[in-house]
Amino acid sequence: MSLFDQGWRAAALFTHITSLPSPYGVGDLGPCAHAFLDFLKRSGFHFWQVLPVNPTAPGLGNSPYSAYSAFAGFELLVSPDLMVKDGWLSPDQARDARLPNTGQVDFPKAMEVKTKLIDAAYSKVGFGILDRKDFAKFIYDNAAWLNDYAFFMAVKADFGGSSWSHWPDGLKYRDDRELAHHGRRLSEAILRIKFGQYLFFKQLGILKDQAKARGLGLIGDIAFYVNHDSSDVWSNRRLFKLNNDGSTSFMAGVPPDYYSETGQLWGNPVFDWASHQADGFGWWKSRIFHLLGLFDWVRLDHFRAFLAYWEVEPGSKTAATGAWQPSPGPALFESAASSHKSLNIIAEDLGVITPDVTALRRRFNFPGMRVLQFGFGSDQPLSSHTPFRIEPDNLVFSATHDNNTSKGWYEEELDADGQKRLSDIAGMEVTAQTAAWALIRFAYLSTGALSVVSIPDILNRGSKWRLNLPGTSTGNWGWRLESFDELTSELSDRLADLGAVSGRDNLMHPNILTY
């Protein structure tokens, strides 16, 4: 039985770590994240929900869902301040690396700064890091993915960033002699990458401990697919549908839906599910268990693909030409449940959802998702996203990272009939200025087990604060809070009062993590 079966009413605030204010051009795992935990506690929240924390591919728009590894952490999120505290950097080194604090992440500059600082920290110890017991334990505990990832990234840098499919055949096809040769040649670079991972996971562990000390939990996120140019595909080719030369034989995507009339063509390789099943789902279980060790709950993106996924042939211009193919999700989750004490999984069941998908998540007690913005279209009077139709085994969002902000949604997307329905259900006249908080109140007062709201909505910001526009490859993922001064004590009081009225405050349910 999960926490969501026990009558809990909880609240979460969504924002990605990169969106926090910090002196280094991007939010990170250090003091800015710890200060954010204090705001969450004061405001009555139970959870902080974040996006995937894997190393993103800059050529794909810095999307957290396009990463070089399904297991590794993103060095961009490493905190220089915590590195100073641990003696890896001097205060002057960190101070000299500071960047202007603006409302947008400068990904290239921030990554350049973080990489130089981690390089400098590593240069102080070099191969001597192997003598540290905590580092030795880290690389031993994570050897199943860390060795391949560090080798992959070192070779990728050595070949000017080129994809593994363009490497010499000996590396491309993982010839043992070639792997050993390049492993020796790039040993320093490989160890440096492992050092960066060591810093990331140590700091994430500290953040989780800090959250727990405040009675808070962290909700992580698992992207369903992985990039073709990733250590996962390079080192596990048999688990993906690839051609003999390593190219993608079928592409991932989704059919036309709310977000796009032509569907979304993601381009990732799809899984060879027969190989996964023959292997006892070892790769998938390792991935899920890895994330459950880092976070209290994990959201599985694109959950419906665990029953059927949308497969598109290479060369297609849009995803509309694809077709559904079956997936063995029930067998995967049966296997995972038999070897893990608690699958604290949230199913992202948005999009084209059939009854068997709902049956699958309920079979394993996975809460689903409802998005209030979807509940007010004039063509959806009976939508399951409408406040009075939401069932308790769901998270209720005012908006997700793929939606417009609620103010922007009201101003730019909601038609006149939808605006009238929103006012009718709210029992008051709702305007662009009050729409965000109307949805926030609906989320808190709903029967859903967990209400989830975002910083742009609690601050009543417009579409310029939108985090992502699905189907576009540029201009996304970059907004950030300029200052914690915007998260005022008055705002905390307002949220805490709403939590108390709706039975979701962390004072009424302080032991929510003792499931």
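The values are calculated or read from the model by the stated rules, or taken from the named source; none is laboratory data. No experiment lies behind these values; they were computed from the predicted model shown. For neighbour counting, all protein chains shown are included, and Cβ atoms are generated from backbone atoms with ideal geometry for every residue, glycine included.
The rows are residues; the columns are (1) of a type in the set (A, V, I, L, M, F, W, C); (2) surrounded by fewer than 19 Cβ atoms within 10 Å (Cβ to Cβ).
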site	(1), (2)
Leu422	yes, no
Gln433	no, yes
Leu469	yes, yes
Asp497	no, yes
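Can we say Ala189 is in contact with a strand residue (DSSP E or B) (Cβ under 8 Å, 6 or more places away or on another chain), small (Gly, Ala, Ser) and modelled with pLDDT of 95 or more?
no
Hey, can you tell me all the residues within the stretch 383-409 that are among the acidic types (Asp, Glu) and in contact (Cβ under 8 Å) with a residue 60 or more places away in the chain? Please lay out each step first, then the result.
Filtering the stretch 383-409 for residues among the acidic types (Asp, Glu) gives 391, 393, 402.
If the condition is that a residue be among the acidic types (Asp, Glu) and in contact (Cβ under 8 Å) with a residue 60 or more places away in the chain, then Asp393, Asp402 are the ones that fit.
Being at negative phi, part of a loop (DSSP other than H, G, I, E, B), modelled with pLDDT of 95 or more and in contact with a strand residue (DSSP E or B) (Cβ under 9 Å, 6 or more places away or on another chain) narrows it down to one residue among Leu513, Leu467; which is it?
Sole residue among the options that is at negative phi, part of a loop (DSSP other than H, G, I, E, B), modelled with pLDDT of 95 or more and in contact with a strand residue (DSSP E or B) (Cβ under 9 Å, 6 or more places away or on another chain): Leu467.
Can you tell me which residue is modelled with the lowest pLDDT among those in the stretch 57-72 that are farther than 18 Å from Leu300 by Cβ and surrounded by fewer than 24 Cβ atoms within 10 Å (Cβ to Cβ)?
Step by step, filter the stretch 57-72, then rank; the result is Gly59.
For every residue, the table says whether it meets (1) buried (at least 21 other Cβ atoms within 10 Å of the Cβ); (2) in a helix (DSSP H, G or I); (3) free of Cβ contacts under 8 Å to residues at least 12 places away in the same chain.
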{"residue": "Asp221", "(1), (2), (3)": "yes, no, no"}
{"residue": "Tyr225", "(1), (2), (3)": "yes, no, no"}
{"residue": "Arg238", "(1), (2), (3)": "no, yes, no"}
{"residue": "Asp245", "(1), (2), (3)": "no, no, no"}
{"residue": "Ala274", "(1), (2), (3)": "no, yes, yes"}
{"residue": "Gly280", "(1), (2), (3)": "no, no, no"}
{"residue": "His290", "(1), (2), (3)": "no, yes, no"}
{"residue": "Val298", "(1), (2), (3)": "yes, no, no"}
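With more than 21 Å from Gly368 (Cα to Cα), of a type in the set (Phe, Trp, Tyr) and in contact with a Lys or Arg (Cβ under 6 Å, 6 or more places away or on another chain) as the only criterion, which of Phe250, Phe271, Phe240, Phe281 stands out?
Being more than 21 Å from Gly368 (Cα to Cα), of a type in the set (Phe, Trp, Tyr) and in contact with a Lys or Arg (Cβ under 6 Å, 6 or more places away or on another chain) holds for just one of Phe250, Phe271, Phe240, Phe281, which is Phe250.
Among the residues of the stretch 37-80, how many are part of a loop (DSSP other than H, G, I, E, B) and more than 21 Å from Val452 (Cβ to Cβ)?
Number of matching residues: 15.
Assuming Gly160 fulfils every condition listed in (1) free of Cβ contacts under 8 Å to residues at least 60 places away in the same chain; (2) within 20 Å of Ser275 (Cα to Cα) apart from one, which condition is it?
Looking at each condition in turn, Gly160 falls short on (2).
Does the stretch 166-178 hold any residues that are under 33 Å from the mean Cα position of the chain (by Cα), surrounded by 16 or more Cβ atoms within 10 Å (Cβ to Cβ) and not in a loop (DSSP other than H, G, I, E, B), and which are they?
Correct list: Leu171, Lys172.
Are any residues in the stretch 5-51 modelled with pLDDT under 95 and among the aromatic types (Phe, Trp, Tyr), and if so, which ones?
Trp8
Test of understanding: among Val430, Val501, which residue is more than 25 Å from the chain's Cα centre (by Cα) and in a loop (DSSP other than H, G, I, E, B)?
Numbers: Val501 fails: in a loop (DSSP other than H, G, I, E, B).
Exactly one of Val430, Val501 is more than 25 Å from the chain's Cα centre (by Cα) and in a loop (DSSP other than H, G, I, E, B), namely Val430.
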